[in-house]
Amino acid sequence: MTDTDLIDEAVAILARGGLVAFPTETVYGLGADAQNPVAVRRIFAVKGRPAQHPLIVHVASAAELPRWVTDVPPAAVELARRFWPGPLTLVLHRSPRIPLEVTGGLETVALRVPAHPVAQELLRRFGGAIAAPSANRFGSVSPTTAQHVRDDLGDAVDMVLDGGPCDVGVESTIVDLSGPEPALLRPGGIAREALQHALGVPLRQPSAPSVRAPGQHPLHYAPRAQVILVEPPRIVAEALRLEQAGRHVGVLLPPGVTLPENFGGVALPVPLSLELYAHELYSLLRDFDRRNCDVIVAALPPEEGLGAAIADRLRRAAGPRRRGARSRP
């Protein structure tokens with residue numbers, strides 16, 4: 001079967017209310033026809049995602065925005081011109097075309113134009129909007145390969161389009177343009193600094209409890225292993241302390257930091273560049289789980305550029321868990 005045949009099959013599945021996992025430049029998405037409430041509800045069921053958590057809607061181009069929102073402010077036009085297709089999501093006032101099942105009951109909708117050629121071709125051939133959160137169980141590590149999707153969701157997905165590893169590796173940046181001032185809701189593949197330069201104004205940082213947006217749960221992007229964040233100089237001491245306490249320890253090892261030769265855990269080196277670190281982050285976390293680590297010691301990178309997105313994902317991966325819980329389905 002050719003790539004064109006596969007995408008035509010995926011379009012047919014979406015049109016009849018099925019679910020298709022597909023690659024974007026950030027992570028793999030679990031897609032359904034955004035105008036089909038029954039199909040959208042199936043996304044929530046497959047992921048185990050709470051119904052009040054909004055989904056991101058993917059469209060083929062910025063020219064489609066007027067179909068899906070009630071107004072397109074100048075800031076949206078400028079950001080779309082500069083960063084679409086790409087890892088940027090804009091929150092705007094929804095059109096009645098978008099059912100409330102997609103938005104978690106909100107009157108705003110999060111939209112983006114993905115850059116991955118498979119996603120672009122799928123959207124072009126489908127001719128509509130595709131609602132798609134990450135193609136994994138809610139709260140767990142996002143998938144950056146087709147195999148990650150199959151490992152997480154198995155036969156619950158009607159089709160997985162394999163577009164190879166995702167280039168960026170962390171989710172899109174989310175900017176809220178529905179209010180009087182632009183606000184950064186989630187750091188991601190486009191740096192805050194680049195967005196502020198494009199807009200000519202600073203991005204407001206709203207208080208977390210006041211905003212509902214994708215990826216805002218306190219425990220998110222989390223492996224089965226517990227994640228413990230420490231300052232870089234404490235990584236070695238904390239890893240050895242946990243090992244002496246009988247834990248099977250994984251370490252995200254920053255450049256220039258070494259562990260004793262007798263360390264019995266799993267040490268995976270942090271890539272030298274932030275771009276490579278973002279690209280590899282979720283694969284590294286999955287690797288610790290594959291090697292049966294029950295705790296991961298890590299330090300936050302400098303929070304500039306992509307470092308802000310990496311730090312956000314690590315903080316959420318280290319978020320509070322239910323007492324006694326080590327893993328989720």
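The values are calculated or read from the model by the stated rules, or taken from the named source; none is laboratory data. On a predicted model such as this, the values are computed, not experimentally measured, just so you know. Here the Cβ positions follow ideal geometry from the backbone for every residue, glycine too, while neighbour counts run over all protein chains shown. The protein model used for the area step is the full one, side chains on, heavy atoms only, and it has no ligands, DNA or RNA in it. Shrake-Rupley method; radii C 1.70, N 1.55, O 1.52, S 1.80 Å.
Summary table below
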| item | result |
| --- | --- |
| Close pairs (9 angstrom Cβ cut-off, 6 or more residues apart or separate chains): in a strand (DSSP E or B) in region 230-255, open to solvent by 80 Å² or more (accessible area, probe 1.4 Å) anywhere | G250/R291; L252/P269; L253/P269 |
| Any hit, region 102-113, residues being hydroxyl-bearing (S, T, Y), in contact (Cβ under 8 Å) with a residue 24 or more places away in the chain and assigned to a loop (DSSP other than H, G, I, E, B) | no |
| Checklist (1) over 24 Å from F126 (Cα atoms); (2) open to solvent by 20 Å² or more (accessible area, probe 1.4 Å) applied to L79, failing item | (2) |
| Checking C293 against (1) open to solvent by less than 60 Å² (accessible area, probe 1.4 Å); (2) touching a residue at least 60 places away in the same chain (Cβ under 8 Å); (3) under 30 Å from A194 (Cβ atoms), the condition it does not meet | (3) |
| Number of the exception - D287 against (1) open to solvent by 20 Å² or more (accessible area, probe 1.4 Å); (2) not in a helix (DSSP H, G or I) | (2) |
| Verdict on E261 being surrounded by fewer than 15 Cβ atoms within 10 Å (Cβ to Cβ) and at pLDDT 95 or above | no |
| Matching residues in region 106-130 - criterion: being under 21 Å from P180 (Cα atoms) and either charged (D, E, K, R) or out of contact with any Phe, Trp or Tyr (no Cβ under 8 Å at 6 or more places or on another chain) (or both) | L106, E107, T108, A110, R112 |
| Subset of region 125-135 [farther than 16 Å from E25 by Cα and polar (S, T, N, Q)] | none |
